[in-house]
Amino acid sequence: MEQLSLFDADDHYQFPTDLLDYRQNFLSDDEAYDLMNTLLKDTPWVQTSQKMYDKILTTPRLIAWFSDLSKFSQDDKRLVDFNEWTPELLQLKEKIEAVCGESFNAVLLNLYRNENDSVAWHKDKQDKFKKKPVIASVSLGQTRDFDFRKVGESKKSYSLPLHNGSLLIMKADLHTAWEHRIAKTRIAMQPRINLTFRTISINNLLNH
């Protein structure tokens with residue numbers, strides 16, 4: 001599979017601005033590492049499993065959901081393991097909302113512990129009430145390549161390194177025609193936390 005870097009001079013590919021907005025220095029290094037250390041220590045991380053090809057496989061990363069619980073019924077709360085917003089996450093949410101002009105009601109945290117943790121090719125589920133969602137993704141810690149490819153074009157992909165403190169705004173149409181992933185690598189990697197702020201419904205969460 002041919003892989004091109006989005007912003008390298010040799011294989012330059014200008015990703016359409018109506019699909020994404022990348023801001024490398026959204027948080028300073030110190031702000032990002034301080035937040036990462038807090039989240040590593042205080043977040044109730046869980047490891048989930050999913051069915052693939054008639055097998056139950058352990059997800060190769062740890063996750064945690066935070067959301068406004070008052071928006072959902074008690075029955076719904078038992079179906080998804082929500083956590084209440086922390087002051088740090090609320091402050092970050094407000095900072096992102098001011099930049100991208102969107103309101104978010106939840107955030108999914110992914111902890112990639114080392115080079116063996118990953119997420120496979122996928123499109124983010126489209127919300128029942130917001131068919132073309134905007135997702136704001138903040139990266140903390142180790143730089144990892146974020147790979148994109150058009151649906152149906154598996155022989156060519158594009159790679160964007162997501163740096164500590166960066167913000168990637170994935171806009172509406174990205175989720176219809178493109179897939180993305182964080183791949184495993186043979187290069188030793190330090191921990192990385194990715195936070196994806198979303199506008200969701202319970203139906204969207206249960207089918208994520």
**Complete:** The answer for T59, listing residues at least 5 apart or on another chain whose modeled amide H is closer than 5 Å to its amide H, is T48, S49, Q50
**Prompt:** Pairs K55/K171; K41/K95; K95/K155; K93/K123; K41/K184; K95/K171: which are spaced more than 28 Å apart, C-alpha to C-alpha?
**Reply:** K55/K171; K95/K155
**Complete:** Sorted by chain and then number, the residues having a modelled amide H within less than 5 Å of the amide H of R181, at least 5 places away or on another chain, are D147
**Request:** Starting with the fewest neighbours, write out F197, F104 ranked by other beta-carbon atoms found within 10 Å of each beta-carbon.
**Result:** F104, F197
**Request:** Please give the FRET efficiency for I56 paired with L90, using the beta carbon to beta carbon distance and R0 = 30 Å, rounded to the nearest 0.05.
**Result:** 0.30
**From phi via Karplus (6.51, -1.76, 1.60), per-residue ³J(HN,Hα) for the range 190-197 in Hz, x at Gly/Pro** = 7, x, 9, 10, 10, 10, 10, 8
**Request:** For Q142, enumerate residues with amide H under 5 Å from its amide H, sequence gap 5+ or separate chain, H modeled in the peptide plane.
**Result:** R192, I193
**Spin-label model distance (nm) - A177 vs T143, 7 Å beyond Cα toward Cβ** = 2.9
**Prompt:** What list of ³J(HN,Hα) values in whole Hz, one per residue of the range 55-65 in order, does the Karplus curve 6.51 cos²θ - 1.76 cosθ + 1.60 (θ = phi - 60°) give from phi, with Gly and Pro shown as x?
**Reply:** 10, 8, 10, 6, 5, x, 4, 9, 9, 7, 9
**Request:** Read phi for every residue in the range 157-162 and hand back ³J(HN,Hα) as whole Hz from Karplus 6.51 cos²θ - 1.76 cosθ + 1.60, θ = phi - 60°, with x for Gly and Pro.
**Result:** 9, 10, 10, 10, x, 9
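Any read-out appearing in this document is the output of simple, stated calculations on the displayed coordinates, not a laboratory observation. Because the structure is predicted, anything quoted here is derived from the model rather than measured. Using ideal geometry, Cβ is built from the backbone for each residue, glycine included, and neighbour counts are taken over all protein chains shown.
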